[in-house]
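Structure record follows, encoded as structure tokens.
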Amino acid sequence: MSIQAALHRQLIIDQLAASARLRQPSLIDRSKPPPRAYKPDHRLFLHAYSTMGITKDETIHVGMGQFTDLKVCQELGIRSVWIDRDREPLNPAWQPDAVLKDLSGLPDLLLLS
């Protein structure tokens, strides 16, 4: 998968999450309303994959929250990158596939994936 495709897919997931939080119709397919869920609810992630027609194996979730991002990725078996800007201690139960201090290292990391 190209860097552009991976970043585009992550943007779509972020838009779906924002749409669900605002209780508005999905930004991707208006015939499928998003679940009334917030991260880390599994339904939000499963809805995003279903709407985009992809599987969790085709994505890498990039997030800053341990509970809202890493926890659900661990539970659903989604590859994840944690953006740890504050150098906070990591919960050992929610190990990401990679840790970055900011987004600048993401393109190189995605090239290796």
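The values are calculated or read from the model by the stated rules, or taken from the named source; none is laboratory data. Just so we're clear, the structure is a prediction, and the values are computed from it rather than from any experiment. No Cβ is skipped: glycine too gets one built from the backbone with ideal geometry, and neighbour counts run over all protein chains shown.
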Keeping to the range 45-93, report how many residues are more than 14 Å from the chain's Cα centre (by Cα) and part of a loop (DSSP other than H, G, I, E, B). 9
Subset of the range 99-113, residues free of Cβ contacts under 8 Å to residues at least 40 places away in the same chain and assigned to a helix (DSSP H, G or I), comes to S104, G105, D108, L109, L112
Of the criteria (1) at pLDDT 90 or above; (2) part of a helix (DSSP H, G or I), which one P96 fails: (2)
Inside the range 53-96, can you point out the residues that are acidic (D, E) and either in contact with a His (Cβ under 9 Å, 6 or more places away or on another chain) or more than 22 Å from D108 (Cα to Cα) (or both)? D69, E75, E88
I'm told G53 meets every condition in (1) surrounded by fewer than 16 Cβ atoms within 10 Å (Cβ to Cβ); (2) at negative phi; (3) not polar (S, T, N, Q) except one. Can you identify the failing condition by its number? (2)
Looking at the range 22-53, which of the residues that are out of contact with any helix residue (DSSP H, G or I) (no Cβ under 8 Å at 6 or more places or on another chain) and among the hydroxyl-bearing types (S, T, Y) is modelled with the lowest pLDDT? S31
